[in-house]
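Colleague: Would you mind keeping the following structure in view while I ask a few things?
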Amino acid sequence: MGHDQEQTPLFTGLTEYAKKEPIPFHIPGHKRGAGMDADFRTFIGEEALSIDLINIAPLDDLHHPHGIIDQSQQLAAKAFGADYTFFSVQGTSGAIMTMIMSVCGPGDKIIVPRNVHKSIMSAIIFCGALPVFIHPELDFEHGIAHGVATESVAKAIRAHPDAKAVLVINPTYYGFTCDLKAIVELAHQAGIPVLVDEAHGVHIHFNERLPVSAMQAGADMAATSVHKLGGSLTQSSILNVRAGLVSVEHTTAVMSMLTTTSTSYLLLASLDAARKHLATKGAQLLDETIDLSTWMRHAINEIDGLYCLGSEKLHGSAVFSHDPTKLLISLKGLNISGFAAEVWLRDHYNIEVELSDLYNILCIITIGDTEEKLALLLRALTQLALEFSSTANRCASLPVHVANIPTLALSPREAFYAQTETVPFDKSVGRIIAEFIMVYPPGIPILSPGELISEENLAYVKENLKAGLPVQGPEDATLSNLKVIKEQRAIR
């Protein structure tokens with residue numbers, strides 16, 4: 001990565017400025033902590049408060065960077081193999097919204113997987129785009145959604161050659177990836193840019209043993225969450241851009257529209273430092289993390305009743321590669337749900353998992369983990385399996401299939417802003433829904449704003465409720481009523 005990756009222009013610039021102890025007659029009003037609650041000041045510490053600054057001239061401005069922020073973003077672009085890197089203090093959600101809103105306008109089509117993060121649907125609502133949904137591949141045995149098959153993307157492009165972008169999740173929350181390189185080649189042949197939700201993949205760029213990153217695969221834009229797995233502070237992320245099919249200038253304008261003018265220098269400095277850490281030590285640290293995770297996966301698979309999914313699951317273009325640092329542990333062999341196991345681990349071992357659903361728990365291993373911590377997790381899981389062992393296989397087959405994607409009758413934006421009314425669940429067939437209904441697992445919307453409600457969709461919701469799966473989204477949590485678009489009746 002070269003010697004320049006050792007530098008942290010932004011972090012260093014901030015600390016050097018703070019050392020001069022300038023006398024501020026500007027915001028933030030806490031004035032290096034003097035004007036704030038003493039307990040909080042002591043807890044946060046004077047050093048952190050001394051660099052909680054604002055975009056004054058010596059410290060550059062995220063909205064018009066030409067100094068230390070600019071230098072830091074350039075180093076990040078080099079580290080990630082991008083033409084341009086934007087720092088985001090609005091999390092990966094902010095980066096995702098920027099990405100979509102830079103390529104889509106009202107009425108433009110965007111090809112997206114059905115299991116997208118809500119920030120993607122928010123961006124689609126904001127810019128008035130029309131989503132063309134493709135189904136991700138489902139793992140019926142474990143109730144999770146994987147990536148999208150290359151052939152599904154090809155079909156979508158053939159049917160909608162006028163699409164303005166293809167959006168792909170890589171890797172998924174559970175650590176599986178699609179064949180991103182193949183998808184990028186396909187889309188580029190059609191002149192369509194590829195946007196990547198890389199929220200769970202900042203680390204994969206820095207170690208050869210991990211799946212290819214968005215920039216390595218030739219994608220045009222990637223919203224990459226540095227805080228999730230890369231060591232920066234919560235809410236700090238980056239947007240990597242490859243120039244050509246997308247305009248860096250236009251992206252800059254959209255990013256600025258969505259970004260607070262009071263950008264947090266603590267968040268920005270943490271991005272600068274995390275980039276240095278990953279670029280200079282990432283390969284070696286991730287080697288250790290991968291080794292620890294691999295050892296842990298084998299150890300969990302020795303425990304009766306537990307199964308930790310790995311590369312044996314790979315087959316075809318939708319489940320093309322695997323990130324071993326995600327430990328997705330299936331509890332189907334025990335008589336306890338994932339939700340209950342999460343609580344049990346918290347109460348008995350003070351262990352917090354990343355996610356739980358009906359059948360699984362997910363633990364993520366990062367460069368911040370140690371053998372001691374993993375040994376404790378292993379002890380806890382061993383105990384869990386002993387206490388909840390089951391001779392009868394509790395749920396051999398899951399009610400996990402997905403209803404057909406409904407017809408989009410209105411753009412999500414029109415549905416979001418339309419006048420609505422509530423109607424009884426059973427009387428809603430044929431109406432246009434104005435809210436989301438989704439089920440976990442696999443976390444895929446059954447209905448999304450603007451879609452026509454069919455008998456089949458309602459039956460699917462009922463089936464999931466009967467199976468005890470949590471159905472989420474509607475304002476009425478009991479699901480007796482649904483929010484639909486108000487129909488205009490002719491005046492007599």
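The values are calculated or read from the model by the stated rules, or taken from the named source; none is laboratory data. All values derive from a computational prediction rather than experimental measurement. Backbone-built Cβ (ideal geometry, glycine too); neighbour counts: all protein chains shown. Note: areas computed on protein heavy atoms with side chains; ligands, DNA, RNA excluded. Shrake-Rupley method; radii C 1.70, N 1.55, O 1.52, S 1.80 Å.
Colleague: Are any of the residues in region 286-295 at pLDDT 95 or above, open to solvent by 40 Å² or more (accessible area, probe 1.4 Å), under 22 Å from Ile183 (Cα atoms) and not in a loop (DSSP other than H, G, I, E, B)?
Modeller: Within region 286-295 (the criterion being at pLDDT 95 or above, open to solvent by 40 Å² or more (accessible area, probe 1.4 Å), under 22 Å from Ile183 (Cα atoms) and not in a loop (DSSP other than H, G, I, E, B)), the answer is no, since none of the residues qualifies.
Colleague: Hey, among the residues in region 420-457 that are part of a strand (DSSP E or B) and more than 28 Å from Gly147 (Cβ to Cβ), which one's most open to solvent (accessible area, probe 1.4 Å)?
Modeller: Thr422
Colleague: If Asp139 passes every condition in (1) more than 18 Å from the chain's Cα centre (by Cα); (2) closer than 25 Å to Ser225 by Cβ; (3) modelled with pLDDT of 95 or more; (4) not aromatic (Phe, Trp, Tyr) but one, which one does it miss?
Modeller: The failed condition is (3).
Colleague: Scan region 78-89 and give yes if some residue there is farther than 16 Å from Pro193 by Cβ, open to solvent by 30 Å² or more (accessible area, probe 1.4 Å), acidic (Asp, Glu) and part of a loop (DSSP other than H, G, I, E, B), otherwise no.
Modeller: Within region 78-89, not a single residue is farther than 16 Å from Pro193 by Cβ, open to solvent by 30 Å² or more (accessible area, probe 1.4 Å), acidic (Asp, Glu) and part of a loop (DSSP other than H, G, I, E, B).
Colleague: Can you pull out the residues in region 296-322 that are touching a residue at least 12 places away in the same chain (Cβ under 8 Å), open to solvent by 60 Å² or more (accessible area, probe 1.4 Å) and either over 22 Å from the mean Cα position of the chain (by Cα) or more than 25 Å from Ala214 (Cβ to Cβ) (or both)?
Modeller: Asp304, Tyr307
Colleague: Is it true that some residue in region 41-61 is free of Cβ contacts under 8 Å to residues at least 24 places away in the same chain, open to solvent by less than 40 Å² (accessible area, probe 1.4 Å) and over 32 Å from the mean Cα position of the chain (by Cα)?
Modeller: Within region 41-61, not a single residue is free of Cβ contacts under 8 Å to residues at least 24 places away in the same chain, open to solvent by less than 40 Å² (accessible area, probe 1.4 Å) and over 32 Å from the mean Cα position of the chain (by Cα).
Colleague: Within region 216-263, restricting attention to residues that are open to solvent by 50 Å² or more (accessible area, probe 1.4 Å) and on the phi > 0 side of the Ramachandran plot, which residue is farthest from the chain's Cα centre (by Cα)?
Modeller: Gly244
Colleague: Does any residue in region 142-159 that is closer than 11 Å to Cys178 by Cα and open to solvent by 10 Å² or more (accessible area, probe 1.4 Å) come within less than 6 Å, Cβ to Cβ, of a residue that is hydroxyl-bearing (Ser, Thr, Tyr) and outside any helix (DSSP H, G or I) six or more places away or on a different chain, and which pairs are these?
Modeller: If the second residue must be hydroxyl-bearing (Ser, Thr, Tyr) and outside any helix (DSSP H, G or I), the pairs left are Ala149/Ser317; Thr150/Ser317.
Colleague: Could you look through region 122-154, keep only residues that are assigned to a helix (DSSP H, G or I) and in contact with a strand residue (DSSP E or B) (Cβ under 8 Å, 6 or more places away or on another chain), and pick out the one that is farthest from Gln90 (Cα to Cα)? Don't jump to the end; show me each part of the working.
Modeller: As a first pass, look at region 122-154 and keep what is assigned to a helix (DSSP H, G or I): 122-127, 150-154.
With the extra rule that they be in contact with a strand residue (DSSP E or B) (Cβ under 8 Å, 6 or more places away or on another chain), the set shrinks to 124, 152-153.
Numbers: Ile124: 17, Ser152: 32, Val153: 30 Å.
Only one residue tops the list, namely Ser152.
Colleague: Looking at Leu167 and the list (1) over 16 Å from the mean Cα position of the chain (by Cα); (2) in a strand (DSSP E or B); (3) not small (Gly, Ala, Ser), which single condition is not satisfied?
Modeller: The single condition Leu167 does not satisfy is (1).
Colleague: Within 29 Å of Gly310 (Cα to Cα), of a type in the set (A, V, I, L, M, F, W, C), free of Cβ contacts under 8 Å to residues at least 60 places away in the same chain and crowded, with 20+ Cβ neighbours inside 10 Å: does that describe Val112?
Modeller: On the way: within 29 Å of Gly310 (Cα to Cα): yes; of a type in the set (A, V, I, L, M, F, W, C): yes; free of Cβ contacts under 8 Å to residues at least 60 places away in the same chain: yes; crowded, with 20+ Cβ neighbours inside 10 Å: yes.
Answer is yes for this residue.
Colleague: Among the residues of region 460-486, how many are surrounded by 11 or more Cβ atoms within 10 Å (Cβ to Cβ) and either farther than 18 Å from Asp357 by Cα or charged (D, E, K, R) (or both)? Full working, then the answer.
Modeller: From region 460-486, those surrounded by 11 or more Cβ atoms within 10 Å (Cβ to Cβ) are 460-465, 467, 469-476, 479-486; that's our starting set.
Restricting the remaining residues to those that are either farther than 18 Å from Asp357 by Cα or charged (D, E, K, R) (or both) gives 460, 462-463, 474-476, 479-486.
Qualifying residue count for the region: 14.
Colleague: Next question, about the same structure. Buried (at least 19 other Cβ atoms within 10 Å of the Cβ) and in contact (Cβ under 8 Å) with a residue 12 or more places away in the chain: does that describe Gln7?
Modeller: Details: buried (at least 19 other Cβ atoms within 10 Å of the Cβ): no; in contact (Cβ under 8 Å) with a residue 12 or more places away in the chain: yes.
So Gln7 does not fit the description; no.
Residues checked against (1) of a type in the set (Asp, Glu); (2) surrounded by fewer than 18 Cβ atoms within 10 Å (Cβ to Cβ):
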residue: Leu334; (1), (2): no, no
residue: Gly338; (1), (2): no, no
residue: Glu342; (1), (2): yes, no
residue: Arg346; (1), (2): no, yes
residue: Glu354; (1), (2): yes, yes
residue: Ile364; (1), (2): no, no
residue: Gly368; (1), (2): no, yes
residue: Leu376; (1), (2): no, yes
